[in-house]
Amino acid sequence: MEVPQDIGFEIFSWLPAKSICKFKSTCNTFSKFSEETLFRKKQTQNLFGRDDTCLFIQSDEVSQRYIPKRIELYSLPKHQESSGAPNNVLSFLSKNTTSVIASSNGLVLCHNINDPLKVFICNPITKSWSFIPIPESLQINNNFANAKLMLHCSLDDYKVYFLFENTMEWNPTYTCSVYHGKEGVWKTMERCFLPGGRDMKFDMPVFYNGALHFISNSGEYYERPSPFYKPYIMSYNLENGISTMFRLPREAIRDCHRPCNNMGIFNWGKASNSNGSICLVKIRKSTFTVWYLRDYESCSWEKVFKMRVRAMGLKEKDLDVTSFTVVNGNLLVFATNERVYSCGLDDKRFMVIEEICQHNCGFNPHFISYLDTYRSCGINAKTMPC
Amino acid sequence: MASSSSNLISLKTSDGTVFKVERALAKTMKTVQAIIEEADANIYMIPIHNVFSHHMDMIIDYYKLSVAGKSKEFSVEKLDNDELKDFLLAVHYLNMEDLFEVLTQAVADRLEKKSVGYVRKYFGIENDFTPEEYAAIRKKNDWAFKGDDIEPEEDEEKQEE
């Protein structure tokens, strides 16, 4: 029995962009759906909040200066390549010394490594990009080369957060300026972010509960009774600008002054339902341990996962785990020198190990998850020359 | 006189079965609701074309689950792709917004990894491109056909001949 065209429109608006592009070849009418603004809006909305299906893998920024820059995009397990982005767009970004910083609901935040003022939002599917206009006043007062950038998308708007270090202080503080994509305006927060005595790992921000959270580095910089003696999490409330310290689980920090310690925080579970939270992943002596923050107010953690890398049945003999992340709040993704693997953390795929790819991104690859949508890049959007 | 005294509406499916459903459920069917409102006399039985009794069973299941706040538990896993399509068309005819959205999503999930040929058959559409147009659109979207798990295209083998 034939299916009416308007139903086809609705059905297609639930597909990831790659599948929509594939099905353009079915017939004339279907090939034109994705050109309509209403369709793009619907598809963007329908896919908002869904799990990311792909992973950008790139070398860290330090290595990027010496080895040819390469941005690779791979599918996560289960999504087996019905999601993706056009290769020519990825090549274009790779050739132009671009670094992918963050991605959300199909938008990708990038900047040019050699020209830090060139910060832009792009959508590889629609091949459009929008450069963020940096006001002169911000350029003069701040060092853009060292700015820390973060992206947050809501259903109808996106915000890019810029943290600039105020180096005059003994313990550095950070001024936060926010670019609002929809209106194209900048707003600077009244209160600075006060991370305390330790350096923060700004490359793994966690948006949760209306605040940005960062984990500090480890290492022997302080003695008791300094409050910064042990590593900690510092949150920055995006409404009132108040910085709050969170302690880490005791087990995670008791041996943190020794080397070979690596910790990261990530979103846990789904923000949409009440199971959303923050998780802490630690790798030490080739063993992964994961805790999640069971109660935010009282800062109580619960351990949910512990596994030795050797027990995972990986192909290589040399099991030196370099970098890791948690994707979609339920999937641990990590890299050895050669390959990238995933390990399930939720009930459905608990401890299920899968190989994502072999990578060429050197010592410390950087992961950013992605979902292919037709989301608009907002005002100032232009077509990418590729 | 309006049928406000009765809380049950009688719906007769294409295969002749009569379902007595709650007024609240009938309200979720905009097509049925329109029929009720248009009728100035007490309407005795509303025929619902294109809807079979097995569709009504599932509609009632969905309704019961959503009233209990458990609409996420509703599953169409046991239906094959064609059964799912028929159900979708029935729900579309009845104009039931929420259930329609659930079903379009379910169909999208089924079709995601299928071939272009399969999708044409499923929608009952013809390839109305000229050979040049088809070649151009295929080339432009070639990246979308790359992937281990994607069903291979039957017509591609034919085109190579």
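Quick note: the coordinates plus some simple rules give every number you see, no bench work behind them. As the structure is a prediction and not an experimental result, all values here were calculated from the model. Cβ coordinates were reconstructed from backbone atoms using ideal geometry, including for glycine residues, and neighbour counts include every protein chain displayed.
Set the bar at 28 Å for Cα to Cα. Now go through A:42/B:85; A:270/B:70; A:42/B:30; A:42/B:146 and name every pair that lies beyond it.
Cα-Cα > 28 Å for no pair; all within.
Applying a 10 Å radius around every beta-carbon, put A:8-19, A:312-323 in order of their mean neighbour count, most first.
A:8-19, A:312-323
What is the distance in Å between the Cα centroid of the range A:181-219 and that of the range A:146-167?
A separation of 8 Å, based on Cα centres.
Dipole size in debye (nearest 20) for the range B:1-126 around its Cα centre, Lys and Arg Cβ +1, Asp and Glu Cβ -1?
Computed charge dipole of the range B:1-126: roughly 140 debye.
Among A:193, A:363, A:23, which one moves the most in a GNM of chain A with springs linking Cα atoms closer than 10 Å?
A:23
Might you report the magnitude of the Cβ-based charge dipole of the range A:28-161 about its Cα centre, with Lys and Arg at +1 and Asp and Glu at -1, to the nearest 20 debye?
160
At a threshold of 8 angstrom on Cα-Cα distance, excluding pairs fewer than six apart, so keeping six or more, what relative contact order does chain A reach in percent?
18
Listing A:297, B:126 from the residue with the fewest other Cβ atoms within 10 Å to the one with the most, what is the order?
A:297, B:126
Within 10 Å of each Cβ in B:130-142, how many Cβ atoms from other chains are there, averaged over the peptide?
The per-residue average across the peptide is 2.
Size of the dipole of chain A about the Cα centre, Lys and Arg at +1 and Asp and Glu at -1 on the beta carbon, nothing else charged, in debye to 20?
600
Please average, across the residues of B:87-98, the number of beta carbons from any other chain that are within 10 Å of each residue's own beta carbon, and give a whole number.
Per residue, the average neighbour count from other chains is 1.
Straight-line reach only, C-alpha to C-alpha below 15 angstrom: list the aspartates and glutamates that residue A:348 could link to, leaving out same-chain residues fewer than 8 apart.
Output for residue A:348: A:51.
Quick one: which of A:148/A:230; A:201/A:285; A:24/B:12; A:32/B:113 span more than 32 angstrom between C-alpha atoms?
A:24/B:12
Using a cut-off of 13 Å between alpha-carbon atoms, which aspartates and glutamates can reach residue B:20, once sequence neighbours fewer than 8 places away in the same chain are excluded?
B:57
Please list B:15-21, A:134-140, A:286-292 highest first by mean number of surrounding beta-carbon atoms within 10 Å per residue.
Most protected by this proxy first, the peptides run A:286-292, B:15-21, A:134-140.
Determine, for each peptide in B:80-87, A:331-338, the mean count of other beta carbons within 10 angstrom over its residues, then list the peptides with the highest first.
Output ranking for B:80-87, A:331-338: A:331-338, B:80-87.
Strictly over 26 Å apart at the Cα level, which of B:78/B:139; A:41/B:72; A:118/A:382 would you flag in this model?
In this structure, B:78/B:139 exceed 26 Å between Cα atoms.
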